[in-house]
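The values are calculated or read from the model by the stated rules, or taken from the named source; none is laboratory data. Everything numeric in this text was worked out from a predicted model, so none of it was measured. Glycine also receives a Cβ, built like all others from the backbone with ideal geometry; neighbour counts cover every protein chain displayed. These accessible areas exclude ligands, DNA and RNA; they are computed on the full protein's heavy atoms, side chains included. Shrake-Rupley method; radii C 1.70, N 1.55, O 1.52, S 1.80 Å.
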Amino acid sequence: MIEILSVTGPASIQDLGRFDQYRFGVGTSGAMDDVALRAGNILLGNDENAAAVEIPIMPFRLRFDRNIAFALTGAAVEAEIAGRAIPPWWRSYARAGDILNIKAMSHGARSYLAVGGGIDVPMVLGSRSTQFRGEFGGLHGRPLQVGDILPCATSTAAIGEFGIEPAGITLARPNAAADESIVRVIVAGEYDAFEATAQELFWSSSWTITPQSNRYGYRLQGPAVKPKAPVEKRSHGIVPGVIQIPPNGQPIIQMRDAQTSGGYPKIATVIGADLWRVGQARLGGKLRFEQTAYTDALAAEDDMSAYLDRLRTNMRLVEEAGTCR
Amino acid sequence: MMVPDRPRISLLGTSALLFEAPGAFDLPHQRRIWALAATASKWTDIREAVPGITNLMLTFETPPRQLDALIAALNDAWDTAEGLAIGGREIRLPVTYGGEIGSQLQSVADHCSLSIDDVVAIHAAPLYTVFALGSHPGYCYLGGMDPRITMPRRQTPLQRSAGGSVSIGGSQTGVSASPGPSGWHAIGHTSWTFFDPSWPTPAALVPGDTIRFVIERVIR
């Protein structure tokens, strides 16, 4: 078990998400940085869909009540286990009673704490992810609070310390300035409802991520991008990554807790391989959009898969080497 | 506005595709969408076929390598789709119009150059059909609203709107199943449970069910 000692922002329990309940109006939820969640679970020998704690704001402190392996992935954090510093993207080991203190986050927006076996909250409608709007999943369908006790599944996970290269380094994109994320997008249904000049503004602007950005969506600020004429769509399904342009001309990127449908015009959609980059983009930081063809987007997903495949292979080799010794 | 006579098919990134039927926002078109959803949901690589308002979203198990084949199959299936008539239940929903939650009742009346009583009477008159579920858990999109009470969605969506809000957005109306952000205008509220994850089917209503709003009270 884990006891939460200190929590600052809306931390929550997430797995990869709830993907087949759209017809009931239930969105995906799930980790904002799915690559980091998978990497953490791979480090621990878990099922890659095992639930972890997503932590958006530091400090965050907790106590382990038994000996357990854990990993921190995602944002670059300054953390200590029982007073000993541990780097991010690192598997470590806690003894019963040890306190994990994640003190600060220097880069990125969300840290993932994965534990050997995974956080063992009940599966609801096919996932352990927290559904805030529906108030189910995760721990009682709500953000974590001080005093919460998180059950952990038993695990035969390896316990040696081990680190891996962060996804942000391996999968780095060229030409991104400091505190700016470049994400690839595919144009969406209403792209042609915008004049060439408005389209150009969309591509050329460095969009500021406003403080109203969260797991529901990223609200951006920049020059107003307006369609030739007001567009009122009949409500239709949308997915995380869809970029809507409400009448004020300020884009909103729908994220994991977004509504499952909408009617504002859609100018583009962030590709699956880059959605985690949005999830790790900080409030006050900048975002730029880069147009991508569907086939190139699939190639980008292959790059991401290759990174995860390398992690799986490396972990297998490490475990095998450990067994031989 | 020009209505295209062919369906529009567009990508939602790499995880889904949107099919928009040509023609009116009416029950015959929606019945064809339900039929198309039933067909497409059986295709390999399709995770879910999710009806919207005269449109259909297909989410992918894995992104298809051959998009053209999928698009051709969708067009063919639409051309041959016979309307699926679903005989649903009729639900009577008591509504308090106006008040704190329905604070946009006056705005809708002003926008449509109608009195509050007219808006309420026009809104409560039809037998609405559940066209689709979406937005948030258990939320139903309803067909059948009188176009006289149409009002465009908000310029900037609200961060929080109350659960049970009866709202108008464009030419559509619906009742929120829980509190959350909304770009629609709330004109009233109801207390009714639309969703419970512990039910065998988590949503209380399904496409094809019908709703009649019963005027419980009007707060001016």
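Could you tell me which residue of the stretch A:51-66 is nearest to A:ARG110 (Cα to Cα), considering only residues that are surrounded by fewer than 22 Cβ atoms within 10 Å (Cβ to Cβ) and in contact (Cβ under 8 Å) with a residue 60 or more places away in the chain? Going through the qualifying residues, I end up with A:ARG63.
Here B:ILE33 qualifies as in contact with a Ser or Thr (Cβ under 9 Å, 6 or more places away or on another chain), of a type in the set (Val, Ile, Thr) and in a helix (DSSP H, G or I).
Whether a residue is in a strand (DSSP E or B), open to solvent by 20 Å² or more (accessible area, probe 1.4 Å) and not β-branched (Val, Ile, Thr) was assessed, and B:ARG160 passes this test. Exactly one residue out of B:GLY188, B:GLY138 is away from every other protein chain (no Cβ under 14 Å) and modelled with pLDDT of 95 or more: that is B:GLY188.
Among all residues of the stretch A:293-304, there is at least one that is outside any helix (DSSP H, G or I) and out of contact with any helix residue (DSSP H, G or I) (no Cβ under 6 Å at 6 or more places or on another chain). Please specify each residue of the stretch A:119-133 satisfying the condition of being more than 10 Å from chain B (Cβ to nearest Cβ) and surrounded by 24 or more Cβ atoms within 10 Å (Cβ to Cβ). Selection gives A:SER127, A:ARG128, A:SER129, A:THR130. Within the stretch A:22-46, which residues are away from every other protein chain (no Cβ under 14 Å), open to solvent by 10 Å² or more (accessible area, probe 1.4 Å) and within 15 Å of the chain's Cα centre (by Cα)? Within the stretch A:22-46, just A:ARG38 meets the criteria. The residue that is nearest to A:VAL187 (Cα to Cα), counting only those in the stretch B:20-40 that are facing another protein chain (nearest Cβ under 9 Å) and at pLDDT 95 or above, is B:GLU20.
For A:ALA96, state whether it is in a strand (DSSP E or B) and of a type in the set (A, V, I, L, M). Here the answer is no, as A:ALA96 does not meet what is asked. Residues of the stretch B:96-134 that are open to solvent by less than 10 Å² (accessible area, probe 1.4 Å) and among the hydroxyl-bearing types (Ser, Thr, Tyr): B:TYR97, B:TYR128.
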